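Trainee: Here you go, one structure.
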Amino acid sequence: MARLKKNKLFFDGKSKSFEAEKIRSAQVSLQFALTTLKKAQTIMFTSANKGEGKTFCISNIAKEYAKLGKKVLLVDLDLHRPRLSQAIAPRELGGLMLGVHDKSVLMDQIIPLAEENLFFLPTGQLPSNPLEVVSSGLLAEMFARLEDEFDMIFIDTPPVRVLSDGRMIATLCDGVVLVVRSGVTKINEVEEAKAHIENTGVPIIGTILNGQQYNKKEKNTYAYY
């Protein structure tokens with residue numbers, strides 16, 4: 001069993017705070033967007049560049065789905081800089097990489113988190129050639145098994161503009177959420193990331209504008225109730 005450590009990926013502030021409401025709003029918007037898909041079970045989160053907050057976004061939206069009673073799995077498929085794994089289960093050596101190569105032990109690599117109905121599959125030991133792993137066809141078999149066990153699967157991937165891994169992973173998912181950082185991500189970078197995703201044929205079901213600054217008056221609006 002992995003040694004879990006306290007991390008800052010999951011928002012733990014007041015449930016009626018401005019930040020908590022923004023997270024719920026993103027989850028509800030995604031929920032509506034998913035109704036447009038024929039199949040909406042495995043969803044990938046990506047960004048144009050590193051450091052845009054996709055890992056924070058995917059963690060908290062997955063947590064919101066778990067609160068609704070959905071059995072939710074977070075999967076770290078960033079085989080280059082696995083921030084989710086580093087934050088949640090840094091000592092885990094088995095993980096996804098072990099389960100990919102041996103399906104009989106796949107379910108044993110999944111870690112239950114503190115939130116009820118929320119589970120995590122860490123990367124485990126990183127491969128020397130991540131692109132070879134995501135291009136091998138082994139992930140498709142793994143996803144098929146996981147979809148039998150979970151209501152929702154959220155996949156954290158590398159920045160799609162920087163590395164081609166995410167583009168390959170997208171082809172195995174039902175939809176993609178693109179995270180953009182306010183004031184940081186350039187328009188041409190968003191357009192390039194969008195083009196990469198569209199080339200996979202998988203729909204972009206939403207974009208999250210992360211890191212936007214709000215003044216006190218705007219925040220107080222959310223405190224009305």
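Trainee: Every residue in the range 161-182 that is over 10 Å from residue 48 (Cα atoms) and part of a strand (DSSP E or B), please.
Mentor: Passing the criteria: 175, 176, 177.
Trainee: Are any residues in the range 126-147 open to solvent by 40 Å² or more (accessible area, probe 1.4 Å), farther than 22 Å from residue 47 by Cβ and in a loop (DSSP other than H, G, I, E, B), and if so, which ones?
Mentor: Answer for the range 126-147, where residues must be open to solvent by 40 Å² or more (accessible area, probe 1.4 Å), farther than 22 Å from residue 47 by Cβ and in a loop (DSSP other than H, G, I, E, B): 128, 129, 136.
Trainee: If residue 120 satisfies every condition in (1) at pLDDT 95 or above; (2) open to solvent by 20 Å² or more (accessible area, probe 1.4 Å); (3) touching a Pro at 6+ places or on another chain (Cβ under 9 Å) but one, which is the exception?
Mentor: Of the numbered conditions (1) at pLDDT 95 or above; (2) open to solvent by 20 Å² or more (accessible area, probe 1.4 Å); (3) touching a Pro at 6+ places or on another chain (Cβ under 9 Å), the odd one out for residue 120 is (2).
Trainee: Right, next: Could you grab me the full set of residues in the range 66-84 that are part of a helix (DSSP H, G or I) and either free of Cβ contacts under 8 Å to residues at least 24 places away in the same chain or open to solvent by 10 Å² or more (accessible area, probe 1.4 Å) (or both)?
Mentor: Matches in the range 66-84: 67, 83.
Trainee: Could you check how many residues of the range 154-189 are out of contact with any His (no Cβ under 7 Å at 6 or more places or on another chain) and either open to solvent by 40 Å² or more (accessible area, probe 1.4 Å) or not β-branched (Val, Ile, Thr) (or both)?
Mentor: If we filter the range 154-189 for residues that are out of contact with any His (no Cβ under 7 Å at 6 or more places or on another chain), which is where we start, we get 154-157, 159, 162, 164-166, 168-189.
Retained after the next criterion (residues that are either open to solvent by 40 Å² or more (accessible area, probe 1.4 Å) or not β-branched (Val, Ile, Thr) (or both)): 154, 156, 159, 162, 164-166, 168, 170-175, 178, 181-184, 186-189.
Qualifying residue count for the region: 23.
Trainee: Going through 150, 120 one at a time, which residue ends up being assigned to a loop (DSSP other than H, G, I, E, B) and of a type in the set (Phe, Trp, Tyr)?
Mentor: Answer to the check: 150.
Trainee: Restricting the first residue to the range 160-179 and requiring it to be among the hydroxyl-bearing types (Ser, Thr, Tyr), which pairs with a second residue that is in a loop (DSSP other than H, G, I, E, B) meet a Cβ separation below 8 Å and a spacing of at least six or different chains?
Mentor: That search, which allows pairs on different chains as well, returns 171/200; 171/201; 171/202.
Trainee: For the range 183-200, how many residues meet the condition of being more than 19 Å from the chain's Cα centre (by Cα) and part of a loop (DSSP other than H, G, I, E, B)?
Mentor: Count: 4.
Trainee: Turning to a different aspect of this structure: Looking at 140, 62, 89, 114, which one is small (Gly, Ala, Ser) and within 15 Å of the chain's Cα centre (by Cα)?
Mentor: 62 is the lone residue from the list that is small (Gly, Ala, Ser) and within 15 Å of the chain's Cα centre (by Cα).
The values are calculated or read from the model by the stated rules, or taken from the named source; none is laboratory data. Being a predicted model, the structure only gives us computed values, none of them experimental. Positions of Cβ are backbone-derived with ideal geometry, glycine not excepted, and every protein chain shown enters the neighbour counts. What goes into the accessible areas is simple: the full protein's heavy atoms, side chains included, and nothing from ligands, DNA or RNA. Shrake-Rupley method; radii C 1.70, N 1.55, O 1.52, S 1.80 Å.
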